[in-house]
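Q: My questions will all concern the structure given below.
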Amino acid sequence: MNELIGILIAAVISWLNFVLIDTWMGLPERPGVKGADVIGRDIKKRGGDLAGGFFQGNIVCSPDASAGTLLASVGCFAIGTPEGGLIAAVLVYFGNRLCADPGYAGTSGALTITVIIAGASFIGLTPAMFIVGMLIAIFTIQGLYHPVSSKLLGKIAQKMGRYTEIQ
Amino acid sequence: MNYIVYIIATGSALILSLLLKQPLLPEEPKRQSWTLSAIFPTAVLALGFTAMIAKLGYLTSSYTDYIIALAIGVITAFFSKFILEKILPRPAMPDEVSEINQPIEKLPGNPKPSEKPSESDKVSEVSKPDMSSKSQEESHE
């Protein structure tokens with residue numbers, strides 16, 4: 001497969017993987033730690049959405065599905081599929097515990113992307129494409145413009161019934 | 001990749017953790033639960049540890065692999081039940097959202113910055129050096 005097309009497909013898959021898992025796991029519902037609360041309220045002050053802000057704050061403060069997706073991709077690239085992804089899942093779990101997070105989102109994200117990478121290898125997508133794709137995916141959420149990305153995350157949270165009740 | 005090794009490791013870890021009276025799944029809502037259960041994290045840890053052992057080259061595609069897989073499952077179950085909480089304990093943090101959202105100065109133990117020190121505080125501050133001087137005198141005597 002053409003490398004650029006592969007990266008584009010991998011970016012879309014990675015974006016859906018981590019956003020859907022994180023939203024389902026309730027990252028927009030509440031800030032897990034004080035830092036996530038501060039980030040969420042700061043994004044809201046700048047015209048963003050509070051639930052989306054909590055989502056972004058939680059991503060920054062502990063390993064969630066985005067970290068799991070990236071680390072599992074790196075693991076599969078460096079060690080092999082699926083061993084690298086399984087090892088990454090364990091390491092993400094320990095990281096979650098260290099960051100005072102129960103740990104479902106990161107570990108689940110690592111395991112799902114490992115299955116996806118193993119499946120996508122049959123159509124020519126490599127773990128390296130998923131590494132670049134995940135970097136692009138997280139850049140669209142955290143790197144471009146927080147107010148817009150937080151509103152999008154807030155709408156997804158509303159549709160999945162995970163919107164925050166905090167004012 | 002030998003799938004049977006992974007199945008044996010995960011299965012033995014699951015069965016033994018259930019025998020050790022760990023719940024199959026944490027209580028609801030699962031995503032906010034700190035309870036260690038048979039499926040999460042014991043089975044996930046068993047998968048990861050098996051992958052580590054496989055990549056370190058200890059699995060040699062013979063019947064001994066199954067014994068190694070069984071040992072990984074048993075060790076993981078005991079690790080999850082007895083050791084994990086000691087190495088990585090639950091954090092002592094507030095569970096309530098209202099407590100998280102309190103301003104820092106309202107949290108227990110942090111006085112409000114606008115508050116002036118009360119009379120009793122002043123007295124105690126003044127009396128502290130006296131006490132220490134008294135105790136010093138006593139120690140000299």
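The values are calculated or read from the model by the stated rules, or taken from the named source; none is laboratory data. All of these numbers come straight from a predicted model, not from anything done at the bench. All Cβ positions, even for glycine, are placed from backbone atoms using ideal geometry, and neighbour counts span all protein chains on display.
Q: Looking at (1) more than 12 Å from chain A (Cβ to nearest Cβ); (2) surrounded by fewer than 20 Cβ atoms within 10 Å (Cβ to Cβ); (3) of a type outside the set (Phe, Trp, Tyr); (4) assigned to a helix (DSSP H, G or I), which is the only condition residue B:24 fails?
A: Going through the list (1) more than 12 Å from chain A (Cβ to nearest Cβ); (2) surrounded by fewer than 20 Cβ atoms within 10 Å (Cβ to Cβ); (3) of a type outside the set (Phe, Trp, Tyr); (4) assigned to a helix (DSSP H, G or I), residue B:24 breaks only (4).
Q: Also, I was wondering about something else. As an exercise: evaluate residue B:4 against (1) surrounded by 14 or more Cβ atoms within 10 Å (Cβ to Cβ); (2) more than 14 Å from every other protein chain (Cβ to nearest Cβ); (3) aliphatic (A, V, I, L, M) and give the number of the one condition it does not meet.
A: (1)
Q: Tally the residues that are of a type outside the set (D, E, K, R) and within 22 Å of the chain's Cα centre (by Cα), restricting the search to the stretch B:20-67.
A: 25
Q: Do the conditions hold for residue A:55, that is, is it within 13 Å of residue A:164 (Cα to Cα), more than 13 Å from chain B (Cβ to nearest Cβ) and in contact (Cβ under 8 Å) with a residue 12 or more places away in the chain?
A: Yes; evaluated as a whole, the condition is true for this residue.
Q: Now for a different question. So which residues in the stretch A:1-41 are more than 14 Å from chain B (Cβ to nearest Cβ) and of a type outside the set (A, V, I, L, M, F, W, C)?
A: Those that are more than 14 Å from chain B (Cβ to nearest Cβ) and of a type outside the set (A, V, I, L, M, F, W, C): A:2, A:3, A:6, A:14, A:17.
Q: How many of the residues making up the stretch A:8-36 are assigned to a helix (DSSP H, G or I) and either of a type in the set (Val, Ile, Thr) or crowded, with 23+ Cβ neighbours inside 10 Å (or both)?
A: Selection size over the stretch A:8-36: 12.
Q: Tell me, yes or no, whether the stretch A:61-69 has at least one residue that is away from chain B (no Cβ under 13 Å), assigned to a helix (DSSP H, G or I), touching a helix residue (DSSP H, G or I) at 6+ places or on another chain (Cβ under 7 Å) and of a type in the set (Ser, Thr, Tyr).
A: yes
Q: Please find, among B:65, B:95, the residue that is modelled with pLDDT under 95, surrounded by 12 or more Cβ atoms within 10 Å (Cβ to Cβ) and either more than 9 Å from chain A (Cβ to nearest Cβ) or not in a loop (DSSP other than H, G, I, E, B) (or both).
A: One residue alone meets the criteria, B:65.
Q: I need the full set of residues from the stretch A:110-139 which are farther than 20 Å from residue B:48 by Cβ, aliphatic (A, V, I, L, M) and either within 14 Å of chain B (Cβ to nearest Cβ) or outside any helix (DSSP H, G or I) (or both), in order please.
A: The one that is farther than 20 Å from residue B:48 by Cβ, aliphatic (A, V, I, L, M) and either within 14 Å of chain B (Cβ to nearest Cβ) or outside any helix (DSSP H, G or I) (or both): A:125.
Q: In the stretch A:74-102, which residue that is touching a residue at least 24 places away in the same chain (Cβ under 8 Å) and in a loop (DSSP other than H, G, I, E, B) is nearest to the other protein chains (Cβ to nearest Cβ)?
A: Here the residue is A:100.
Q: Follow-up question, since we're still on this one. When only residues in the stretch A:150-167 that are basic (Lys, Arg) and away from every other protein chain (no Cβ under 14 Å) count, which is surrounded by the most Cβ atoms within 10 Å (Cβ to Cβ)?
A: Applying the filter and picking the extreme gives A:151.
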